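Notes for the one structure printed next.
The values are calculated or read from the model by the stated rules, or taken from the named source; none is laboratory data. Predicted model, so just to flag it, every value in this text is computed and none were measured. Don't worry about glycine lacking a Cβ; one is built from the backbone with ideal geometry, like all the others, and counts go over all protein chains shown. We work out accessible area using only protein heavy atoms, side chains counted, and drop any ligands, DNA or RNA first. Shrake-Rupley method; radii C 1.70, N 1.55, O 1.52, S 1.80 Å.
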Amino acid sequence: WGTSGGGKTAAMVWALSVWGLARELMVNFNMSMAGLEGRLALTNDLPAGINERQVAGGGRDKQEWLERVVYMVEGGRGKARATTSGIRRTLSWRTIGLACGEEPLSSEASVQGVKTRLLEFNSYPVLPNELAKSLYSRAERCCGYAGSAYMQRLISELKNKNCVVYDAYTAIQAELTEIYPEYFAVHIDAVSLVCLADFLVSQWLFGMSADQARSEARELANYIVGQLQTRTQISDIERGWEFVKGWIAANGERFDYFNNGMRPSQLTPKYGVEEYGHLYIYPDALKNAMQAAGLSAQKILKELADMGKIESVFENSKRRFTVKKQVNGVRARFIDVDKTKLDE
């Protein structure tokens, strides 16, 4: 994804021309979920190109739709639907999705499962302008040959020694895992697959030596990983904790202060009480803010309690992530945050 122009669509057209007529393999995001399912099932074992992410629009409902697309494409199965005579056959496919547009598919609030299913790059320009223009006509005139040649060679290699490709993949995977331990294993697996394909095609179709192909595959891996977020950056819990800390910092004047005396909060509505180094936060205030930011409050609070960031208690054999405290003669429940944890 990136600024308008820059050859993103041209690059996708050229990539898909390896397998056939690109305009027949591409769709855009201005279609229904059922329509996209049908197209994925039709092209089945070929890569799926989805262009112009921006036509899906903005807003939370559109972002949720985009994230459902990510899960659906990766999952390989459509939605079960009923007909007057029973359940319609569920559509399925095996594909790798290629998408481009002026905006990313994921957002800051996207859950970890969405981000780990994507290799997402911000790049501009992708291709020089004149080259990008020329690729459209070239892709129409000459298409479908490279993919066929590649698959024939792959089948031949697998027949002769079926472990060669797998061994190459595991070697790349092991090398990248050692070099990039801070990244999710699922991302390393995906990058390994891309680099394996690059390593093989460089030799089989472009006549490179194994050493040169290996060197270029490593450069490709370095570029891709450099565009990805680390495990910590993607983690729902880390992002949730950063949100909580930022929310507390932004709303410090909405807390009553009790130590030996009382200092009423300067702003309303009030969000809680500070006392002897602890913040006691009204649960609804924080949960509503988290949900407005697209975070799962229940999930985040449980994980924060597991990490010792907030207090939890057991009552009647049930774990609760709020504590009871009496304020102004009223006993109520609060989310208890030790202020020393905010520095971590």
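Annotations
- Nearest-ten-degree value, helix 236-250 long axis tilted from longest Cα axis of the chain: 40
- Applying the criteria of a DSSP loop state and at most 16 other Cβ atoms within 10 Å to the GluC sites (Glu not before Pro) of the stretch 145-191 yields 182.
- Whole-percent carbon and sulfur share, accessible surface of the stretch 276-340, 1.4 Å: 46
- One quarter of the convex hull surface built on the alpha carbon atoms of the stretch 110-186 amounts to 8.6 nm², the projected area averaged over directions.
- Annotation for the stretch 330-344 versus the stretch 161-230: alpha-carbon center distance of 46 Å.
- Between 0 and 90°, nearest 10: helix 129-141 axis offset from the chain longest Cα axis: 50
- Whole-percent carbon and sulfur share, accessible surface of the stretch 149-273, 1.4 Å: 55
- Cα shape, the stretch 51-179, gyration tensor, a/c 1.5 rule: rounded
- Computed extension gain for residue 211 through residue 238, at 0.36 nm per residue and net of the alpha carbon distance, reaches 5.7 nm.
- On the basis of the beta-carbon distance and an R0 of 56 Å, residue 74 and residue 260 show a calculated FRET efficiency of 0.45.
- Packing-based order for 263-273, 99-109, using average beta carbon neighbours within 10 Å, highest first: 99-109, 263-273
- For the pair residue 185 and residue 318, the difference between a 0.36 nm per residue extended length and the Cα-Cα distance amounts to 44.5 nm.
- Relative frequency of Cα-Cα separations exceeding 13 Å in the stretch 41-98, percent: 67
- Dividing the mean sequence gap of close Cα pairs (under 8 Å, 6+ apart) by how many residues the chain holds gives a relative contact order of 14 percent.
- Rounded to 10°, Cα long-axis angle of helix 297-306 versus longest principal axis of the chain: 80
- 5 angstrom amide H check on residue 310, placed H, neighbours 5+ away: 305
- Length gained on full extension, residue 152 to residue 339: 61.0 nm, using 0.36 nm per residue less the C-alpha separation.
- Using the empirical formula 2.2 N^0.38 Å as the baseline, the Cα radius of gyration of the chain reaches a ratio of 1.28.
- Anisotropy class of the stretch 204-344 from Cα gyration tensor, a/c 1.5 cut: prolate
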